[in-house]
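See structure below.
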Amino acid sequence: MFPISKQKKPLQNSNQEAIMETTGNQSESGNLRQKAEELLKKSLTTDLHLSEIDVLKLIQELEVHQIELELQNEELMLAKLQAGTACEKYAELFDFAPLGYFILSKDGEIVELNLTGSQMIGKGRSHLENSHFVLFVASASKPVFNHFLAKIFQTSVKETCVVTLSNNDNSPKCVSLTGIVARNGDQCLLTVSDITDQKAAEVDLQVSEKKYRNLVENALIGIYSTTLDGNYIFANQAMCKMLEYESIDELLQSNVTSLYRNQKGRAEFLEKIKKEKQLSNVELELITQKGKPIDVIVSSFISGEVIIGMMMDNSDRKRAEDELKKKIDELQRFHHLTVGRELTMIELKKEVNELLRKSGQEQKYTIVE
């Protein structure tokens, strides 16, 4: 019989350090080697007809098999390391995600949650697990949450709702809940998103919009918006009063084109605003719904297919300007007449003085040039 060589071929791999650390696995590989040698010895003892070449081949096969086992062990080590890394990434992603994640039972008991979820409620995870989620929902929102939870298990489709979370330690939070039944059917997966700032912004926006609407509706000048075809989208009370409509609804059912005294003026206005996009202090001649001619000043801008503008009744000022012009014209005519009469009187006085001088008499008028 030939002794079996225990010399191993060197292995090249990128994870040599990890393999060196696993002494237990290497020990197992050595045990396999020892067992293989013992089996070989028994085989050789029972079968003395094996040739030297057959023995060498058998030894080579055992060594190759050992290398294969070592390579498999290396792959298992790499897979274990990768699985550990993936598990750590998952745990980090789960815990530090910007959303709260909960697993709830059918009766709303918290089975599992992430760190963000515990921070939203304001208590440690150890205090929250096995607690009922509804305990941390504000009283006014409890009916909404209970209906939401029941519906998740009834419909087995994704459900959403908005509730307020509240406890004694933290200020109330407005959150959006999204839930869906887990695969086992006995639990639901719950995502919690903090929308407190969003809700506060919506409230501020509603307050600002209300102030703006009150300002526009009670403004002393007409404010309106129309399509390019002249159909009204919006008009305030001042616009309605200026154009002598009975109500805003009646005005909104009309068309701005019907207001123009001259349809050519409407065409010119449209052409100009399409070109310049914004017009200021444009004078227009309109006719009210009751047929009264009015002069207005309009400032408008175009946004897409909508014209938004302000309109001010300029009729009184226009009439005042016309009256002023008439008075100035009359004054100028009177001035010309007065100056002409004075010049005539001076000439007559000169002629009288000349006649008195020629007749030897004293001049009667003193003339200042």
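Values as computed for the structure displayed
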item	result
Inter-site label distance for Ile308 and Val352 at 7 Å from Cα along Cβ, in nm	7.6
Local electrostatic count, Gln119, Cβ distance below 11 Å [Lys/Arg +1, Asp/Glu -1]	+1
For Val352, Val256, order by how many other beta-carbon atoms lie within 10 Å, fewest first	Val352, Val256
FRET efficiency, Glu250 to Val207 (Cβ-Cβ, R0 25 Å, nearest 0.05)	0.20
Estimated distance in nm for a label pair at Ile103 and Ala79, the labels positioned 7 Å out from Cα along Cα-to-Cβ	2.4
Segment Ala140-Glu112, length gained on full extension (0.36 nm per residue, minus Cα span)	7.5 nm
Other-chain or far-sequence residues with amide H under 5 Å of Phe234's (modelled H)	Ser225
Theoretical gain in end-to-end length, Ser280 to Ala150 [0.36 nm per residue, Cα-Cα removed]	40.8 nm
FRET efficiency estimate (nearest 0.05) - Cβ-Cβ, Thr257 to Arg333, R0 45 angstrom	0.60
At R0 = 45 Å, FRET efficiency that the Cβ-Cβ distance of Leu343 and Ala320 yields, to 0.05	0.80
Set of aspartates and glutamates with alpha-carbon distance to Lys349 below 14 Å, sequence-local pairs under 8 removed	Glu362, Glu369
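Coordinate-derived values only; no laboratory data. Just so we're clear, the structure is a prediction, and the values are computed from it rather than from any experiment. Positions of Cβ are generated from backbone atoms using ideal geometry, with glycine treated the same way; all protein chains shown enter the neighbour counts.
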